[in-house]
Structures are given as structure tokens and as C-alpha cells.
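Undergrad: Can you read through this structure? Questions will come right after.
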Amino acid sequence: MMQDNSENQTIDMMLNMGPQHPSTHGVFRMELRIDGEKIIDVKPHIGYLHRGSEKLSEGEQYHQVVTLFDRMDYLANFNNELVYCMAVERLLDIVPSRRTEYIRVILCELNRIASHLLYVGTIGLDAGAMTPALFSFIGRDRIQTLFESISGARMMHNYFKIGGLKEEVPTNFVSMVKDIMPEIRQDIDQAEKLLTFNEIFLSRTKDIGVITADQAIDYGLTGPCLRGSGVNYDVRKSEPYSVYSDFEFDVPVGLDGDCWDRHWVRIKEMDESLKIVEQAINNLPDGDVESSLGRRLIRPSAGEVYVKAENPRGEIGVYIVSDGTDKPYRLKVRPPSFCNLSAIEPLLQDSWIADSVVILGSLDIVLGEVDR
Amino acid sequence: MADKSDCTSEDVSDAPELDPQISKLKTALETEFTGVDLLFSMTDQIPTVLVPTESLHDLCIFLKTNEDYDSKMLSCMAGVDYVDYCQILYVLYSINKNCTVGVKCNINYDSRVQTVSDIWKAGDWYEREIHDLYGIEFEGHGDMSPLLLYDGFEGYPGKKDFPFYDYQEY
């Protein structure tokens, strides 16, 4: 029977994406209200990986909390360990040795490259390209093998201690780093050649998922997501911590705030990180990496501290309230991915379903950090 | 530990070199908020003001629009349970001026506080998180559904009296 067309009308459909969706980068779920292929409205759901890390750390002694930080942003373990150690060091008013700081910076910047290389792989997969993932993992593996020889673990290193390092780096540390640097440079070039100016990739990312600078600041976006929108904000430059003021490097800044700009910023950031590693390894000071605290139990005096640092995903902040005991009274982490992800609603509105995957990939979230 | 405000005001006298930041904040705020009971202190290296709940919203708007502070970004919001009351720390940051300001607010568990999600969009998820963990109600916030916890979770796990280690889900 023929229906009268004038009575036909479209209704919006609810589409559930995640939590077990390969392109949601972990256990993230979003409820999409769609009209055909167009997204009308989006409701994000997080918390599937909520382990209560902040609450757990209230029951752990200060030196035990480092392991919990490893498991927040599990792609940038060293960076997370660094910010926690810096916070407790400021609470205790101690300064680690220069050699410690230099080794920390080298490892953090290598970790940044490893994290961004993984990003190149995943954004490629999100945009429909399989090859970059295979190649970028080769580069990531080189760095992880180096990490393994230093800390004994490929991830979750637990290598930074409050006031120092767990142990001295291997004797061939400098030559190992110098050996892999040209290889990593090649990996970065290859990633760039495969993806950045690829015509298909450009058409999938250019002018997609645009967020203006004002909007980005309003949502608290930081890191490559904010710099992609043309805001020059990098904690390493604005409030230099550790020994970052010793090194010369640039902060790449995008123009339009679309997916491609966020991608480009990350690619250029890897070059800058490599610059920092090069300067640090050439000027690596001699000395001790043992913490001045020895193996004593730490009891900082009552007080509060708020420390921030630049992680691969943006600004991480750690707020510790100490009540004079050996455990933190309250520990709060400001995770960069949490804020970056909160901007998903305006980003996805009025975009296509196929683009939603690329937009989410360009934010480069880690759910371990979002949910804590 | 019980009276946090006393503890932090002592810190100021311990660190006299940080006083200019406090006095700058003091002069900026006291002319605008006469008659409001403001308490200034340092949170680590951040000049902080403790503000009564009813003036919080106005003070946040002032700091966002003020030329000297220009706090366009809400960097962090942290709730701390001091058993009798909950303290919320707002870390405001200005990218143009490269300056950080802290705003603290003590809230009794039976009262409500006005939302800042209309001032900064970032406040939306932070407030939902604090509502999850501490049960603080934010007035004017449209959606207070659980963010980190699941629907139907009972209790507030951020609070000190939550039976964390005895907690059994099944």
C-alpha cells in the first residue's frame, strides 16, 4: 500500500557509541542523537575506568603513590611521575640533584615522543589508514626498549623517586640515547610523510572539528588541543619547571583549531622534544641520583601545594593537602584529557558520524586519566 | 588541621617575599567587595582568597573580567573534605597575564553553592565530579547526573567517613 508522502516525517535516532568501540580509545561511551548521518546532539559518559586513584592515594604513603600516577596517563608514565615527585619535593622543600633533573627531562621528552607516535598511529586508524600505525609502533618500540633497559619495565616504570631516581642509569645510557636519536628522527619523518600532507588525510581532517581559541580556553583545553587553536601556552615556557629553562626549544602553534592543526602541532612537538633530548644528553652533568631523603619515611609538614607541568596531552596539575602525617590528606589531579574531552559536545554538534571518530582521535584522550 | 584558614594565614608571615602578590589581590578585591569577609593567604605559590559562599559567583565574574587578572581559564577545581565542611579550591589562570589566582570557598554539607559553569564551561564537569565525590549541590547547574560514578551509586566516596576499605560492591 502506498503511503501518503505528506505524512512522512523523520525522527531522530539514538546511537550508542562505546564503551567497547575500537575508536573511542578505551572505555568511553557517547550517546549520539542523529538525523541520518548528522549528529544533532551528543551526551558523553565517562567513569568506566574510575578506580578512585585520588582516594586510594589517601591511604598510601607518599613514596607509594608514584605507582598510582603511572596508571593514570599510561602512555606518559614518566611525565606523570615527574609532576607528582615535583609536588612532594616542593612540599618537603628539597631540590633533586641536577643530574637527576636532566635524566628526568630526557626520559620525559622521550616519553612525549613515544606518546605522540602512538597518537599518529591511532589517528591514522581513525581516519582509515592502517600503515602509519604499523610504522609508528616501530619508533615507539625503540623508545620503550630504552625505557626497559633503564627502569626494567616498558610501561608503569616507577622509576622516579621523591628527591631522586630509583637507581643510577646504566653506564651506556648516553650512548644508548645517542644511538636511537637518528632512528627516532627517521621515524618522525616517516610518520609525517605518511600522514600529514596525505591528500586523503587532509580531506578527512582539514576544517573538521574546529574549536576557536576563546572556546578552547573556556573549556579548559590545554596542550596540543589548545595550541592547535592558535594559543601559545606551554607550561614549559610560561612557568618553567625542573630544568626546562636550560634548553632552547620552540612551541609549535596551529592556526585554525581543526583536527589537522592539532595533528600538525603534535608532529612538530616531537621535533622540539628531540631538540631538548639532544641538548640534555650533551650536557648531562655528573653526580648522584640518590634522593637526599635516603629510604626514610616521608612526613611533610602541614600545608598545601599546587604544581603543574606539561604532559603530552596538556597541563597536568597536582594539588596535595598534607596534614603532617606520612599519607596525603587529599590529593587531587587535574588531568588534561578530562578537560580536553569535556569539549566533545560543541565539537561533535552538527558533524558527521564518520568525522566524530576523527575528532575524538584528534583530542588524543587517555581514559585512565579521564576517569582516574 | 581542623581550622585550615589559620594554618594558611601563618604561611604568609613565613614567606614575606610573596606578599606583593597578596597585597595586589587585596587592593583589587577590597575596593570592589566592601563589607564582604575576605581572607587572603598563599596556597603554595598561588595568592588565594577565601570567600563566603554568597559572594563566590560575583567574585569569580570579577576575576574573569578584571584587566589585571583576566582569568579566562578555570584550571582546576578541587574539593577537600575537612569533616565539618567541604572546601573547594578554584585555580584560575590567565594565559595573557601568565598569572594564577586561587579562590577558596568553605561549604557546609547541608548548604548549596552557586555554580560557576555559566562563567567557565570547564566548571561543568568539575562540579559534577565534586558532586559525585562530596555530595555538594551546585545551584543553577543544569545536569547533576553522576559523572565518574555510575547511576544509583550510594554514598560519597570522597568524604573521609566513606568506608573505603570495607566497601563491597557485590
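Just so you know, all these numbers are worked out from the coordinates, no wet-lab data involved. All values reported here derive from a predicted model rather than from experimental measurement. As a convention, Cβ positions derive from the backbone with ideal geometry for all residues, glycine included, and neighbour counts pool all protein chains shown.
Undergrad: Under a point-charge model restricted to the Cβ atoms of Lys and Arg (+1) and Asp and Glu (-1), what is the dipole moment magnitude of segment A:99-190 relative to its Cα centre, in debye to the nearest 20?
TA: Around 240 debye, computed over segment A:99-190.
Undergrad: Taking the Cα-to-Cβ direction at residue A:166 and at residue B:150 and moving 7 Å from each Cα, how far apart do the two end points lie in nm?
TA: Going by the 7 Å Cα→Cβ label model, 3.3 nm.
Undergrad: Taking +1 at the Cβ of each Lys and Arg and -1 at the Cβ of each Asp and Glu, which of A:302, A:50, A:69 sits farthest along the dipole of chain A towards its positive end, judged by Cα position relative to the Cα centre?
TA: Highest projection toward the positive end goes to A:302.
Undergrad: Here's something else I'd like to know. Could you tell me which of B:21, A:221, A:191 has its Cα farthest along the dipole of the protein assembly as shown towards the positive end, charges placed at Cβ (Lys, Arg +1; Asp, Glu -1), taken about the Cα centre?
TA: Of the options given, the answer is A:191.
Undergrad: If I model segment A:272-372 as equal point scatterers sitting on the Cα atoms and use the Debye formula, what is log10 I(q)/I(0) at q = 0.12, 0.17 Å⁻¹?
TA: With no solvent term, the Cα-only Debye profile gives -0.70, -0.99.
Undergrad: In addition: For the protein assembly as shown, how big is Rg over Rh, using alpha carbon atoms and the Kirkwood form of Rh?
TA: Answer for the protein assembly as shown: 0.97.
Undergrad: As a test of the formula, what do you get for chain A when each DSSP H run with n ≥ 4 contributes -39,500 (n - 2.57) and the sum is divided by the residue count, at 222 nm and rounded to the nearest 500 deg cm²/dmol?
TA: Value at 222 nm, helices only, nearest 500: -14000 deg cm²/dmol.
Undergrad: Using the Cα centre of the protein assembly as shown as the reference point, and only Cβ charges (+1 on K/R, -1 on D/E), how large is the resulting charge dipole? Debye, rounded to the nearest 20.
TA: It comes to approximately 1380 debye.
Undergrad: How large is the charge dipole for segment B:41-131, taken about the Cα centre, if only the Cβ atoms of Lys, Arg (+1) and Asp, Glu (-1) carry charge, to the nearest 20 debye?
TA: Result for segment B:41-131 is approximately 220 debye, rounded to the nearest 20.
Undergrad: Which pairs, out of A:55/B:104; A:206/A:275; B:72/B:121; A:55/B:159; A:178/A:275; A:308/A:332, put more than 19 Å between their alpha-carbon atoms?
TA: Check vs 19 Å cut-off fails for A:55/B:104; A:206/A:275.
Undergrad: Same structure again: Enter the mean number of other protein chain beta carbons within 10 Å of the beta carbon of each residue in A:301-309, as an integer.
TA: 6
Undergrad: Something else about it: Could you tell me how far the Cα centroid of segment A:159-202 sits from the Cα centroid of segment B:66-116, in Å?
TA: After rounding, the separation between the Cα centres reads 38 Å.
Undergrad: When every alpha-carbon pair in segment B:4-111 is counted, what percent end up more than 24 Å apart?
TA: The calculated P(r) of segment B:4-111 puts 19 percent of pairs beyond 24 Å.
Undergrad: How many partner chain Cβ atoms sit within 10 Å of a residue's Cβ in peptide B:113-120, on average, as a whole number?
TA: Mean inter-chain Cβ contacts per residue within 10 Å come to 1.
Undergrad: I need the trypsin sites (Lys or Arg not before Pro) found in segment A:189-264, filtered to DSSP loop residues with at most 14 other beta carbons within 10 Å of theirs.
TA: A:206
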